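Everything below concerns the one structure shown next.
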Amino acid sequence: MKNEYIRIEEARQAILSTLQRIPELTDIRVEMETWTEKYRADLLVSFRKQNDRKTILVEVGSSGQPRPARDAVNSLIALRLNRPSTSYGVFVAPYISDVSATICKENGIGYIDFVGNCWLYFDSIFMEIKGNPNRFSRKSELKSLFNPKAERILRALLHEPGRQWSTAELAEAAIVSPGQVSNVRKFLREREWIQDRKCGIKLADSLQLLDSWLANYQPNRNTVYEFYDMGSVGEIEARIATVCNQMQTRYAFTGFSGAARYAPFTTYKTVAVYMDNVQASNLEGLPFKPVTSGANVRILSPYDEGVYYGTRIIGGQTVASAIQCYLDLKNEKARGEEAAGALLEQVIKPSWK
């Protein structure tokens, strides 16, 4: 109850701050709704514009993500239909995402957030402020969505975006607990990145999910061992594959080394490969020279075994999934971003159709 009271008070202040910037509005009041019927707004705003008294019905949300925004919009539309006179509806939340802003606009509902962004369009009033950053970003939420075990779930979903998954099936495929699946499901549902039904979940917006994951991906969680060799990338990769097969060590080429197998885009000079059980002792079987700079061989000890999800054999060698290669190109220099774009357009997007 205390948090709810604080949120309502912050909403009240945000509404006052926004409306007071419109010169022709006077006698602005923001009060609790006293409507006696079953459904009522969280706040009722009234003001004078010239000689007319106008009202605004307000729904206050704890999140400005798409699903709660859509719920608020539907509530406001229903509330307006049950009022004796027409009123304008406004959704207020700590921060309104771009998608949520579009949902409001398309339904004729205004919005105001606590950081000063707004869109109001009714009678002869039009006001729009955008671009104020989100100071309410929930780091703990992002940490939950992009931690190693949660990422396993994202890999499974993106690998088969057209599949309807039950909680049990997804937990088994990702090697996580059903509780972990339920937590991730909640975050994805709030953002409308999944279709959530009784029979299971299915991705609804693969690209938005992948974009968000890329923005929050942390490749520095891997332990990196760097080497140099005079051979060509093809020769180096062949040696790595041979040694790993002889040692019965799991491996998967990634970055440029992996992406080139899916969508040849450009020549590259640095080999990148995930390898299990990487320690200085078992790297001695590789005929490469350890270096502290100028490396052209990077062996990655993975931060989580999820990086191996969806590996493929291409040209007799094991390659990480296209999704994993795409993520690992994030920090690659020398046209890494362009290579990632080619991989996305030529391989990943077509696989989603």
- Message: The conditions are (1) without any contact (Cβ under 8 Å) to a residue 60 or more places away in the chain; (2) of a type in the set (D, E); (3) within 30 Å of T311 (Cβ to Cβ), and E106 fails exactly one of them. Which is it?
- Response: (3)
- Message: Being over 29 Å from the mean Cα position of the chain (by Cα), in a helix (DSSP H, G or I) and without any contact (Cβ under 8 Å) to a residue 60 or more places away in the chain narrows it down to one residue among V243, V278; which is it?
- Response: V243
- Query: For V99, which of the numbered conditions (1) more than 34 Å from the chain's Cα centre (by Cα); (2) touching a residue at least 40 places away in the same chain (Cβ under 8 Å) fails to hold?
  - Reply: (1)
- Residue in the stretch 175-225 that is modelled with the lowest pLDDT, counting only those that are basic (K, R) and out of contact with any Asp or Glu (no Cβ under 6 Å at 6 or more places or on another chain): K198
- Among (1) among the aliphatic types (A, V, I, L, M); (2) closer than 16 Å to E237 by Cα; (3) touching a Ser or Thr at 6+ places or on another chain (Cβ under 7 Å), where does I313 come up short? (3)
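Listed here are the residues, each with its yes/no results for (1) outside the structural domain of I236 (by TED's automatic domain parsing); (2) within 25 Å of the chain's Cα centre (by Cα); (3) of a type in the set (A, V, I, L, M, F, W, C); (4) in a strand (DSSP E or B).
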{"site": "P287", "(1), (2), (3), (4)": "no, no, no, no"}
{"site": "G306", "(1), (2), (3), (4)": "no, yes, no, no"}
{"site": "I313", "(1), (2), (3), (4)": "no, no, yes, yes"}
{"site": "T318", "(1), (2), (3), (4)": "no, no, no, yes"}
{"site": "Q324", "(1), (2), (3), (4)": "no, yes, no, no"}
{"site": "K330", "(1), (2), (3), (4)": "no, yes, no, no"}
{"site": "K333", "(1), (2), (3), (4)": "no, yes, no, no"}
{"site": "A339", "(1), (2), (3), (4)": "no, yes, yes, no"}
- Of I56, I96, I109, the only residue that is closer than 22 Å to F187 by Cα and surrounded by 21 or more Cβ atoms within 10 Å (Cβ to Cβ) is I96
- Flag for K349 being part of a helix (DSSP H, G or I) and of a type in the set (K, R): yes
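Residues checked against (1) in contact with a helix residue (DSSP H, G or I) (Cβ under 7 Å, 6 or more places away or on another chain); (2) more than 19 Å from A320 (Cβ to Cβ); (3) surrounded by fewer than 17 Cβ atoms within 10 Å (Cβ to Cβ):
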site: R191; (1), (2), (3): yes, yes, no
site: I236; (1), (2), (3): no, no, no
site: A263; (1), (2), (3): yes, no, no
site: F288; (1), (2), (3): no, yes, no
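Conditions tested, residue by residue: (1) at pLDDT below 90; (2) in the same structural domain as Y39 (by TED's automatic domain parsing); (3) touching a strand residue (DSSP E or B) at 6+ places or on another chain (Cβ under 8 Å).
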| site | (1), (2), (3) |
| --- | --- |
| V58 | no, yes, yes |
| S62 | yes, yes, yes |
| I77 | no, yes, yes |
| T86 | yes, yes, no |
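The values are calculated or read from the model by the stated rules, or taken from the named source; none is laboratory data. What you see is a predicted model; the values in this text were computed from it and never measured. Note that each Cβ is placed from the backbone with ideal geometry, even for glycine, and that neighbours are counted across all protein chains shown.
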